[in-house]
Amino acid sequence: MRDDDGQPVLPYAGSSGWSGSETSKERADRDDSSGVTGRRQKQTIALLRQVGERGLTWAELADILNTHHGPASGALSVLHKDGRIARLAHKRGGSKVYVLPEYTAGRVTERHGYSKRTADNEAILAAVREHIMGDRAHSQCPLRALFEEEGNG
């Protein structure tokens, strides 16, 4: 996958990202600089176009590309973060399904980085906001001022 300037999508400070280990970082740096990352991104988009609404999980993509979890999930994650593909809210075989945006077919999608923890945190924040903003007794609460600044009050 290439941007207009001919480079692969590298949204993490000029990298396709890594899991945190030195080995993973070395692999990402090597793949990014050698063109492997760009080819894998291009293959991923082409495969998602082929399978259409069915989409692919990381495991299915890894099997097709004959690679491991890291490179397959990394390609999907980077393309999802960049908005080039969509992640469906449902799972197949225990993994999320990715499709091209034109193949979502009205199904629920998730934004990048969204998880149950994110959803739980958003629900807790909404409850706290509602409690503080809806109760006059909290008129001097510092959180109330923050919520008012956000324009959510």
Problem - Filter result for Leu65 (crowded, with 21+ Cβ neighbours inside 10 Å and under 13 Å from Gln41 (Cα atoms)) - result: no
Completion exercise
Selection over the range 22-62 where residues are surrounded by fewer than 17 Cβ atoms within 10 Å (Cβ to Cβ), under 17 Å from Leu100 (Cβ atoms) and among the charged types (D, E, K, R) yields a count of 4
Handout entry: Cβ-Cβ under 6 Å pairs, at least 6 apart or on other chains, the range 61-87 side in the same structural domain as Glu26 (by TED's automatic domain parsing), far side of a type in the set (D, E, K, R)
Key = Ala75/Arg40; His80/Arg87; Arg87/Lys96; Arg87/Glu110
Problem - Cβ-Cβ under 9 Å pairs, at least 6 apart or on other chains, the range 23-45 side in the same structural domain as Leu61 (by TED's automatic domain parsing) and within 15 Å of Val78 (Cβ to Cβ), far side assigned to a helix (DSSP H, G or I) and of a type in the set (Val, Ile, Thr) - result: Ala28/Thr37; Asp31/Thr37; Thr37/Val78; Gln41/Val78; Gln43/Ile64
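The values are calculated or read from the model by the stated rules, or taken from the named source; none is laboratory data. This is a predicted model, so every value here is computed, not measured. Note that we place each Cβ from the backbone using ideal geometry, even for glycine, and neighbour counts take in every protein chain shown.
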